[in-house]
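Enquirer: Before I ask anything, let me first share the structure, which is written out below as structure tokens.
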Amino acid sequence: MVQNNECNSAEMPNEQQEYVDEFTNYFDNKIVPLIEQGNIVKDKFRSIFWTSFWTAIALLCVNGLFVLFKALIYHKSVTIGQFWFVFLIAALFALEPLLSYRKEKKTDIFGVFLQFFGDWKHEEEYKILPEYQYPILPTHDALTITHQVSGSYSGAEIKIGNAIFHNGKKSGGKGVLIDISFLSPFTSAILLFDKSGFHRSDKISRFQQIKEEIPIPSSNYFKIFTPDASVPHDILCSAFFEKILDIKDDFKSRKMNVMLQDSHLLIVLENADIYFNTDSLWNKSDNKIRFEQLNKQISDILYLVDLMHELQR
């Protein structure tokens, strides 16, 4: 566990291996059968669709030849109306399997995956009001979360979402937004900006950049600000920097900003995204690698929650 003085990592190799084994068993026993059944249904409807599609094409060709034959033999003019009705019938014939698939009762595989973490939920697109302005976020007028998973863990409320930042009609960037709300507030407000990025000084006018050198190599990835220019060593330790950089690597993000303020820990990962399994007829639900990647991303966030609890003691 974490020691306040040395601030060692809270993770144990055996505990991590047990967690990986637990997820593997859950995935093989709970999710794989649903994926296999879902793919059988998709294969059936795809087969019906292609049969209907080529039948519709054949119907259009036969109608075209019939109209052309009448025009050549009886010297009748060709009109759009002669094609329109048959085209409409053919289109409905081809689209019927797609409509039937949408009505087919399907198991929410992604929802079953989230149950591994407890009573977690998935939400699709919604917008956040313009006043959701934190200094670590890109400048924006509005923020859209396209997919968000949320749930509780060890007393903390966690939200992980794909975010799109809007500046008027233009995009102000995108990435993953991680918002963790703890029961008790942090002793210090801390802002960490990726050194390869930029920050607006007018947004952090009451903060001062920490001048004292932090003897942790991984801290060199960030510009660090606090309200009184003192180093909160109880938080800014090697385990903290290692864990948030692990999260950055897991999400394959180019830049990372972090904010600890009041009882919130907010992380912005530029140009990253979280995987969401869709029920598209054209995609097989067999991407185990992406499920494993998402599990790794969420589990590292849970490890971060455990670590923050230790550091706040």
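The values are calculated or read from the model by the stated rules, or taken from the named source; none is laboratory data. Computed from a predicted model, the values in this text were never measured in an experiment. Neighbour counts run over all protein chains shown; Cβ positions are idealised from the backbone, glycine included. We work out accessible area using only protein heavy atoms, side chains counted, and drop any ligands, DNA or RNA first. Shrake-Rupley method; radii C 1.70, N 1.55, O 1.52, S 1.80 Å.
Enquirer: Mind giving me the nanometre distance, one decimal, between the label points for Leu60 and Lys105, set 7 Å out from Cα along Cα→Cβ?
Expert: Here the modelled spin labels are 3.6 nm apart.
Enquirer: What does the charge add up to near Ser181, with Lys and Arg as +1, Asp and Glu as -1, over the other residues with Cβ less than 11 Å from its Cβ?
Expert: -2
Enquirer: Tell me, what is the FRET efficiency for Glu36 and Gln293 to the nearest 0.05, using R0 = 25 angstrom and their Cβ-Cβ distance as r?
Expert: Efficiency at R0 = 25 Å is approximately 0.75.
Enquirer: Same structure, new question: If you place +1 on the Cβ of every Lys and Arg and -1 on the Cβ of every Asp and Glu, how big does the dipole about the Cα centre of the stretch 236-313 come out, in debye to the nearest 20?
Expert: 180
Enquirer: Next question. Report the FRET efficiency, 1/(1 + (r/R0)^6), for Ala229 and Ser150, where r is their Cβ-Cβ distance and R0 is 41 Å, rounded to 0.05.
Expert: Numbers: r = 35 Å, r/R0 = 0.85.
Approximately 0.70, to the nearest 0.05.
Enquirer: In nanometres, what is the gap between the two model label sites at Ser280 and Gln209, each 7 Å from Cα along Cα-to-Cβ?
Expert: Going from the Ser280 label point to the Gln209 one covers 4.4 nm.
Enquirer: Further, regarding this structure: Working with all protein chains in place, sort Trp282, Trp120, Trp54 by solvent-accessible area computed with a 1.4 Å probe, largest first.
Expert: Listed by decreasing accessible area, they come as Trp54, Trp282, Trp120.
Enquirer: Please give the length that would be gained between Ser263 and Asn220 if that part of the chain were fully extended, namely 0.36 nm times their separation in residues minus their C-alpha to C-alpha distance (nm, one decimal).
Expert: 13.0 nm
Enquirer: Just how far, in whole angstrom, is the stretch 256-284 from the stretch 87-151 if you go by their alpha carbon centroids?
Expert: 13
Enquirer: How much length would be gained if the chain were fully extended between Asn29 and Gln115, taking 0.36 nm per residue of separation minus their Cα-Cα distance, in nm to one decimal?
Expert: Full-extension gain reported as 29.6 nm.
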